[in-house]
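Structure first, commentary second.
The values are calculated or read from the model by the stated rules, or taken from the named source; none is laboratory data. No experiment lies behind these values; they were computed from the predicted model shown. Just the protein is used for accessible areas: all its heavy atoms, side chains included, with ligands, DNA and RNA removed. Shrake-Rupley method; radii C 1.70, N 1.55, O 1.52, S 1.80 Å.
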Amino acid sequence: MAMRGIRGATTVETNSKDEIWSAAQELVTKILSLNGIRAENICAIIFSSTKDITAAFPTTGLRQLKAFNLVPLFDAVEPDIENSLPMCI
């Protein structure tokens, strides 16, 4: 099986755990659906988020979905860049 990388992004309106988790879940499930990928075929998922997202880790929200229990997940914080898109995962 070939390995590939796919990038996606989303934003949240508020810095709240529920909104961050929901956005992470929606982002990943939509990417998989649009690309015909099943969770068991993923080698890892890396989330980066802007520094203004502090209420929760996006990966914790994704971990709530059983399909991703065995997928290695990692969170990173993007550098604080002037005029960058706020509240972005």
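What a 1.4 Å probe finds exposed on the chain is 54% carbon and sulfur by accessible area, rounded to a whole percent. Counting only alpha carbon atoms, the long axis of helix 17-35 and the longest principal axis of the chain meet at about 40°. Express the relative contact order of the chain as a whole percentage, based on alpha carbon pairs under 8 Å and six or more residues apart in sequence. Result for the chain is 39 percent. Once the 1.4 Å probe is applied to the protein heavy atoms, the chain comes out at 68 Å² accessible per residue. Over all orientations, the chain has a Cα convex hull whose mean projected area works out to 5.8 square nanometres.
Residues whose amide H lies under 5 Å from that of T11, counting only those 5 or more places away or on a different chain, are I89; hydrogens are built 1.01 Å from N in the peptide plane. Here is how the number arises for the chain: DSSP H runs of 4 or more residues each give -39500 (n - 2.57), the sum is divided by the residue count, and the result at 222 nm is -9000 deg cm²/dmol.
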